[in-house]
Each structure stands twice: as C-alpha cells, then as structure tokens.
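Have a look at the structure below, then the notes.
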Amino acid sequence: MKLYTYILVLTLVSLISCNDDFLEVEPTNLISADAIFSSPEGVKAFMANLYSQMPIEDFNSTPDHGIRYNASVNPNNAGFYPWIIADDAVGSEFHTLTYQKGFGDQFAWWIEGYELNRDVNLLLSVIPDLDADQSTIDDLLGEAYFIRAYLYFGLAKRYGGVPIIETIASISDGEDALYTPRSTEKETWEYVLKMCDESAALLGDGDGTRRRANKWVALSLKSRAALHAASIAKHWDRATLSGDAVDQNLSKMSAEDAAWFYEQCISASEQIINSDNYSLYQPAPSNSDEAATNYKEMFEDPNRALVEAIFIKGSTLPGITFGSNQDNWGNPAQTTGAWPHPGRFGPTLDLVDVYENYATPGQSTPVVTTVDGITDNYDGYQSTRNYLEFDHPADIFADKDARLRATVILPRTFWKDTEIIIQGGLIRPDGSIIIDAPGQINVGGTNYYSYGASAPNLYSGFSTFGGNMTKTGFGFKKFLQEDYTPILAWNQSVTDWMDFRLAEIYLNYAEAVVESGTGDQTLAGQLINDLRRRAAHTTTIPLTLENVLRERRVELVFENHRVWDLIRTRTYHTEFEQRDRHALIPIFDTRSMKYIFVRDEVPRTAPQTFPDFAYYKRIPGVATNKLVQNPQY
C-alpha cells in the first residue's frame, strides 16, 4: 500500500466522531505521520511517491493512454509517442490518432491530477506538526508547492480553468463543500505561477542531484508555464470556440492578459540565466562531428550534462512500472536483438526540412532532390524529372546542422556498428522502377533489391514487414542507448529524462522577448546564437520569431514540446487541416549505380486533422461534479 494511503486513512478517521470506543484504540496496521517523517528514509519514500505521480511527459507518456503508461502488458502501446500525432514523426504501424468527440481524451489527466492534489494537500496538512527543524519544514513545503504547481500546470494546459482545491473537504461540512467550481483560465494560470513563486522562495540550490526540486527547478516550471499561458492569451482568437465555458472565461483568455504572463516568463528565465548555476553542455565544439557527438551523448545519459540539466526524472530499475520501452520501440529493424517489434516510428521529412544548412544559415533548408531545386513537390517518382544523383545516400545531408545526424538515423549511416539500410525503390537498366514494393534484379551478375537487401532482418525501411520498418526514410536515434541490445522483455530501458534543461530556458526567454517586445533583445539574440554555436554554426543570425521557433523545433525535438507548442500558439488546427506528412525515399538507380531521392507523402497513411474543440480536453463526470463542460463537447 502506498504511504499516502496511510495518511489518508488517518485523516478520514480524524474526521469521524470519537464517541465509539473502538476509535480510541491505537491502530496497529497504520503508520502515523510522525513515523513516516521521523527518518530521512521515510521522507524520501513519501516524497518519491508524490514525484512519481507528477505529469512529467517522459518516455512513458502516450497520447492515447496518458502518462506513466508502463504498468501493464503492452506498455507504451507500440510506440504511441506524442511525436507521431504531430509532424515530427510517423508511426510505422499505427501512424495517427483521430480526434473525435467520442475519442477526444488524448493526453487526458484529470482523475490522476486530483488524486495527486489530494495527496499534496494531505502532506501539507501534516507538515506544520512535524518534529523537525525549520530548514527541513521549509524544504518539505517548497517541494510540496512545486508538485502542486506542476500538477495544476498539467491540468491547466489540458482543461483551461479548473477547480483549485487546497483543503481536504469533510462530509460533515455539508454537500456544497464537496463541490468546487472551476476557476477562470487566467486565475488557474496565475495560481500555477504563485505556487512556483512560493516554492522558489522556500527552496535553495538543492543537493546537486538534479532529481529533486530546488529554487531553479521551480523557476524553470514558472518559465515554461508562463510562456504557455502568455501564448494562449495572445493567440486564443486564432481558433473558433464557443459555449458556456468560453462565455465564463473558464476556457478563454484575452490578448490583454498576455503581457503579464510574458513578463513573468522573462523574469523567471532571467533569474536562472543570471544565476551562473547552469551552463550549456559542450558549448564550443571544434567541428560539426564533435557537435553531433556531444548532442547525442547528452540524451543517452543526461548525467553527463549536469551543467545543463536542471531537473531529471531518474530511472534505475528495468521492468514493468519502472523502466520504459523506448529502446525496444525505437531501434531500427537491423538492431532489434530479440525484440520482435522495432522501428515503430520514423522522423519525417517535414522535420528534416526544418534544419539549417551551414551554407545557408538563418533559414530552414529543405532537402533538394532535383536539378531544378523545387522542394514543394510530394507527388512521388516522375520519370520526366531530372533528379540529382549521389554516390552515397548520406551525401545529400552533408551540410546539414549537426543535430540532425545526432537525432536521426540517416540512410546507410552506421548505428551500433551496423550500416542501416533504408531504401524504398530500384530503377532497372531499362528505366522502369520498383518502388514501395519488394523486388530484385540481377545486373552484371550482382543481385540488387528494392529495399536494399535480401531479407527483412537486413534492412530497416519501407517494407510492410511486421510494421517494423520506417516509412519516412529516416530512423530514430535521440535517446537510444548504443550499448543496449533489446531483449524479449518489457520496459528494459532505464534512460534518465531531462525534464528541464538550460536550452529550454534560453528558448522560452527568447520567444517571450520577441512576442512581447520587452526584455533584453541583445541577450535573447545571444542565447539563440549560443545554441547554434553549440551545434557548430559560426554565423550569427538576427533575433526574429521565425528564427526562435525554428531553433526551438530542432533543439527540443522529441522532448515532447511540439504538440504543446502547436496547442499554446493555436496553430495546430491550421497546420493540420487534412495534413499529409512526408517521406524522403532513397532509390538506387542501376543505370548509373547511384542514388536518387524522391519527396513523397508517407506511404500508407491518411491525412490528419486537428479540430478546434481538441484545444481543451473533455472534463469527465460533469453530470455529478457540477462543472461546466469545455467548449463544443
């Protein structure tokens, strides 16, 4: 039984009249609050339970099953990561999720949120009576306020205004005391920031582990939450929403509200930046190869990058309820080990096109595949088109930002000492083509295969075999452990998750400065260029919203920001209106013995649409909890 349950039972007993003798008997099957907090071990155990319930969107966060989905058979649900419902990646077997009124609860987190809120309230109710020194009391209060801030952040970004409950209601208080109405959306966001401030005021620099809240962790949450709130306020009108929740400002903010939230983001970010407690990991590589290695290693083991990591969700034990399945789902088919379901998602051409070339700094540089340089064609192979030819598939990416090859497995590059073969077609000597289908030919005594090799265990792309192949032309690399061989068991990955890192704070600050027109423009520009310099760029680019958002996209990719960035800026519905995502298909031409590339829609996928109502999640149980439902449900 969880420790918080013991306190819950004690609290409920204390709410009942003590007229009966049996209530005066000291229970023998319960642990008292004093017993729990009488030792460092008790404190750590209880706080660890609260931390574990926080809505940290790590490797076990899934759009269809919510957060911490690693406690059952089939955990992580075949690679249903948030990446695959936006434009950063596509699932190889399950490529999309459909937002419908009856299936609109992606990322839902309501019951779990209020369960955690109850537990925090229970903790706060016993802290004043603990036999502990003031420093210990302050630390416990500070951590409790941080967890409360985080949980209401998790609720607010999903539901807008929510009930704010700070006490444990008693049945004896009457029925009305059990019903708390929704606060406005603005009030809810203000409350999140207030809890961050109260936490920061009580906490110091922490113990250096990066696994518990300290002042800077609380301010990092404030930076993230304030930017989210400011964006919603500034851009709320981009979507069309109506109904009682909108009329009552429960699911609405106004542009006039944005300035204060941007100010709060700027202030919190500046405190972290100016504290000198953190710095970028490996900020000055000597070349792009070194930059790529540094970036990859930072996510393989965040403990290498404690100078940059602000808050880490640690993982030490493999197995169901403990580890994650990300290495199993993410490895390409050729490095699957004993795991039968690899390669469950592939980064998209849409993402790859966002990265800069070193020769053209300050702009996204789509991959050029044809002599005419046109890059907005996605109509597949055309025999009349004059394609560029490459001796090796990786040559087409030679000038790309180093973070691309640290994040993505490119065709015929090496991973785990294995050349990862990603090929989608073959041109015969007579000019006819085999594309997105199995096939082989013999030329000059050598066999050539449309998928690049003779059997599914020898290639990693485009085949429909088992749903285990990328169909975007790219493999997944970020976070994967190079020394881990997948085994036939669930949740064997124990990679730590960086929930807050300094790079995000730089990006939050720069966006808030640009969007608000306040703050230090020079500093914001410097921060963006510092991130680019860490990626081996040497040209300084100006501070513009386009540059900030592009940098955010590539620097934080797969860290579960993209979906929320589309939501908070109210651009999801315009970006995804019957939206096709795109693939880059390498094809081997036996006439020239070179490779060409075809820009195309991802094979065997359907267009995806994000409806306006999905900006807010459906509130469950409104018939009994008396809450106003969110718009258009």
**Asked** For the chain, what is the charge dipole size about the Cα centre, in debye to the nearest 20, if Lys and Arg each add +1 at the Cβ and Asp and Glu each add -1 at the Cβ?
**Response** 1720 debye
**Item:** Pairs from K186/K296; K194/K234; K157/K626; K222/K478 whose Cα-Cα separation, in the structure shown, is over 30 Å
**Value:** K186/K296
**Prompt:** In angstroms, what radius of gyration and Dmax does segment 495-587 have, counting Cα atoms only?
**Reply:** 15.1, 50
**Request:** Output the Cα-based Rg and Dmax of segment 379-466 in Å, rounding Rg to one decimal and Dmax to a whole number.
**Result:** 14.3, 40
**J(HN,Hα) series, segment 296-301, from Karplus relation 6.51 cos²θ - 1.76 cosθ + 1.60, nearest Hz, glycine and proline x** = 4, 5, 4, 9, 4, 8
**Complete:** Here the Kirkwood hydrodynamic radius of segment 540-633, Cα-based and in Å, equals 17.4 Å
**Complete:** Which residues qualify? For I409, with a placed amide H closer than 5 Å and at least 5 residues away or on another chain, they are G475, F476, K477
**Request:** Report ³J(HN,Hα) in whole Hz for each residue of segment 196-210, in order, from the Karplus equation J = 6.51 cos²θ - 1.76 cosθ + 1.60 where θ = phi - 60°; Gly and Pro get x.
**Result:** 4, 5, 5, 5, 4, 5, 9, 9, x, 6, x, 9, x, 7, 6
**Fill in**
Ordering 53-65, 373-385, 583-595 by per-residue average of other C-beta atoms within 10 angstrom, highest first, gives 53-65, 583-595, 373-385
**Message:** Can you report the principal axis dimensions of segment 192-255 using only the alpha carbons, biggest first, rounded to whole angstrom?
**Reply:** 48, 19, 18
**Fill in**
Relative to the chain, whose Cα atoms define the longest principal axis, helix 40-53 and its Cα axis are tilted in degrees, nearest 10, by 60 degrees
**Asked** log₁₀ I(q)/I(0) of segment 315-376 at q = 0.14, 0.16 Å⁻¹, via Debye over equal Cα point scatterers, no solvent, to two decimals?
**Response** -0.65, -0.73
**Asked** Amide H to amide H, which residues 5 or more places from V443 or on other chains are under 5 Å from it, using H placed in the peptide plane?
**Response** Y448
**Request:** Please state, to two decimals, what the Cα-based radius of gyration of segment 277-370 comes to when divided by 2.2 N^0.38 Å (N = residues).
**Result:** 1.40
**Prompt:** What residue among A338, M593, L227 has its Cα farthest toward the positive end of the dipole of the chain, where the charges are +1 on Lys, Arg and -1 on Asp, Glu, each on the Cβ?
**Reply:** M593
**Request:** Would you kindly give the portion of the calculated P(r) for segment 465-516 that falls above 14 Å, as a percent of all Cα pairs?
**Result:** 74 percent
**Message:** At 0.890 mPa s and 25 °C, plugging the Kirkwood radius over alpha-carbon pairs of segment 230-343 into Stokes-Einstein gives what diffusion coefficient in µm²/s?
**Reply:** 128 µm²/s
**Where N is the number of residues in segment 397-538, Cα Rg divided by 2.2 N^0.38 Å** = 1.48
**Item:** Sum of -39500 (n - 2.57) over DSSP H runs of 4+, divided by residues of the chain (222 nm, nearest 500)
**Value:** -10500 deg cm²/dmol
**Prompt:** Roughly what % of Cα-Cα distances in segment 459-548 sit above 16 Å, to the whole percent?
**Reply:** 70 percent
**Prompt:** Lys/Arg Cβ at +1, Asp/Glu Cβ at -1, dipole of the chain taken about the Cα centre: which of P55, P631, A201 is farthest positive-ward?
**Reply:** P631
**Complete:** Fewest-first ordering of D87, D565 by Cβ atoms within 10 Å yields D565, D87
**Share of pairwise Cα separations in segment 118-217, more than 19 Å, in percent** = 50 percent
**Prompt:** What is the Cα centroid distance between segment 220-268 and segment 281-359, reported in whole angstrom?
**Reply:** 32 Å
**Request:** Round to the nearest 10 and give me the degree value, 0 to 90, for the angle of helix 521-534's Cα axis relative to the longest principal axis of the chain.
**Result:** 60 degrees
**Request:** Principal axes first, then extents: for the Cα atoms of segment 166-294, list largest minus smallest coordinate on each axis, whole Å, largest first.
**Result:** 65, 40, 25
**Complete:** With the charge dipole of segment 266-381 built from beta-carbon charges (+1 for Lys and Arg, -1 for Asp and Glu) about the Cα centre, the Cα from S324, V352, Y381 projecting farthest to the positive end belongs to S324
**Message:** Please list, in order along segment 333-341, the HN-Hα scalar couplings obtained from phi with the Karplus expression 6.51 cos²θ - 1.76 cosθ + 1.60 (θ = phi - 60°), rounded to whole Hz, x for Gly and Pro.
**Reply:** 4, 6, 10, 6, x, 8, 7, x, 10
**Request:** Have a look at the chain and give its Rg and Dmax from the Cα atoms, expressed in angstrom.
**Result:** 26.1, 97
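Every number in this text was worked out from the coordinates using simple rules, so none of it is lab data. Please read these numbers as outputs of a predicted model, since none were measured by experiment. For neighbour counting, all protein chains shown are included, and Cβ atoms are generated from backbone atoms with ideal geometry for every residue, glycine included.
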